[in-house]
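The values are calculated or read from the model by the stated rules, or taken from the named source; none is laboratory data. Computed from a prediction, not measured in an experiment: that's the story for all the values here. Cβ sites come from the backbone with ideal geometry, for glycine too, and all protein chains shown count toward neighbours. Heads up: the accessible areas ignore ligands, DNA and RNA and are worked out on the full protein's heavy atoms, side chains in. Shrake-Rupley method; radii C 1.70, N 1.55, O 1.52, S 1.80 Å.
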Amino acid sequence: MNDDAPGRAATAPDGGPDDAQPAWRRDFPIDSLEDDYRSRRDFTKLLTLTSLAFVAGQTWIALLAARRRARGAPPRLAIARLDELSPGGAKVFAYPAAGDACVLVRMRTGELVAYGQKCTHLSCPVIPRPDEGRFRCPCHEGSFDLRTGRVISGPPRRSLPRVTLDVVDGTIYATGLAEGIV
């Protein structure tokens, strides 16, 4: 008789008779040969559930994108006065909504840059380091270029979202998000 046939328990691993096996083996008679066996029905259920999970995820992403488009253009927001921010200084502000943390940095050259403050890896807040010319993410040692927002090192793969700025009569305004950034 074949011990590998489905439905028939194989010989115990120690080769002893069934009545000499420990109690737990009699209480849980799972045949290790059949333990890895999956029926076509089980495999089909797994594929169906996985496909539904992907569809649900894609639907959620589409709904979020539609919600962003429905919001319209970001508002124009006064962030600070130009004389409040010394060269090498930084200021945290919320834009375009109250919960969206951004950071404004005045470079040593006087140039102004602003980016979303959430690291694109796991949303930890980035810390501006103007003297080093970078933003640093303390969670996983990611670094972004201060001038461009591009990734320098670490696990992040995407650049920081850039906030467009405008200076009118000594007041710095956030006017929108850079093209392609949502």
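Quick notes on this structure:
- With the whole protein complex present, Ile172 retains an accessible surface near 0 Å², based on a 1.4 Å probe.
- Between Ala78 and His140, the simple spin-label model (points 7 angstrom out along Cα→Cβ) gives 4.0 nm.
- Accessible area in the full protein assembly, largest first, 1.4 Å probe, for Thr171, Thr44, Thr109: Thr109, Thr44, Thr171
- Computed lengthening from Asp166 to Ala178, 0.36 nm per intervening residue step minus Cα-Cα distance: 3.0 nm
- In order along region 144-156, the phi-based Karplus estimate (6.51 cos²θ - 1.76 cosθ + 1.60, θ = phi - 60°) of 3J(HN,Hα) comes to 10, 5, 5, 7, 10, x, 6, 5, 9, 7, x, x, x Hz; Gly and Pro are listed as x.
- Exposed loop sites here are trypsin sites (Lys or Arg not before Pro) assigned a DSSP state other than H, G, I, E or B and surrounded by at most 14 other beta carbons within 10 Å; excluding them, the longest clear run of the chain is 109-146.
- Counting heavy atoms of the protein chains alone, Val103 has an accessible area of about 0 Å² for a 1.4 Å probe.
- Whole-number percent relative contact order across region 53-162, with pairs defined as alpha carbons under 8 Å at least 6 apart: 15
- Under the Karplus curve 6.51 cos²θ - 1.76 cosθ + 1.60, θ = phi - 60°, whole-Hz ³J(HN,Hα) for region 116-132, x wherever Gly or Pro sits: x, 8, 7, 4, 7, 8, 9, 6, 6, x, 8, 10, x, 10, x, 5, 9
- Cα-based shape type of region 67-153, given that a ≥ b ≥ c are square roots of the gyration tensor eigenvalues and the cut on a/c is 1.5: oblate
- For Leu146, residues with placed amide H under 5 Å, excluding near neighbours: Arg134, Phe135
- Prolate/oblate/rounded call for the chain, Cα gyration tensor, a/c under 1.5 rounded: prolate
- Portion, in percent, of the accessible area of the chain that falls on carbon or sulfur, probe 1.4 Å: 56
- With a Förster radius of 45 Å applied to the beta-carbon distance between Ser39 and Ile127, the computed FRET efficiency rounds to 0.25.
- Per residue, the chain exposes 68 Å² of accessible surface when a 1.4 Å probe is rolled over the protein heavy atoms with every protein chain present.
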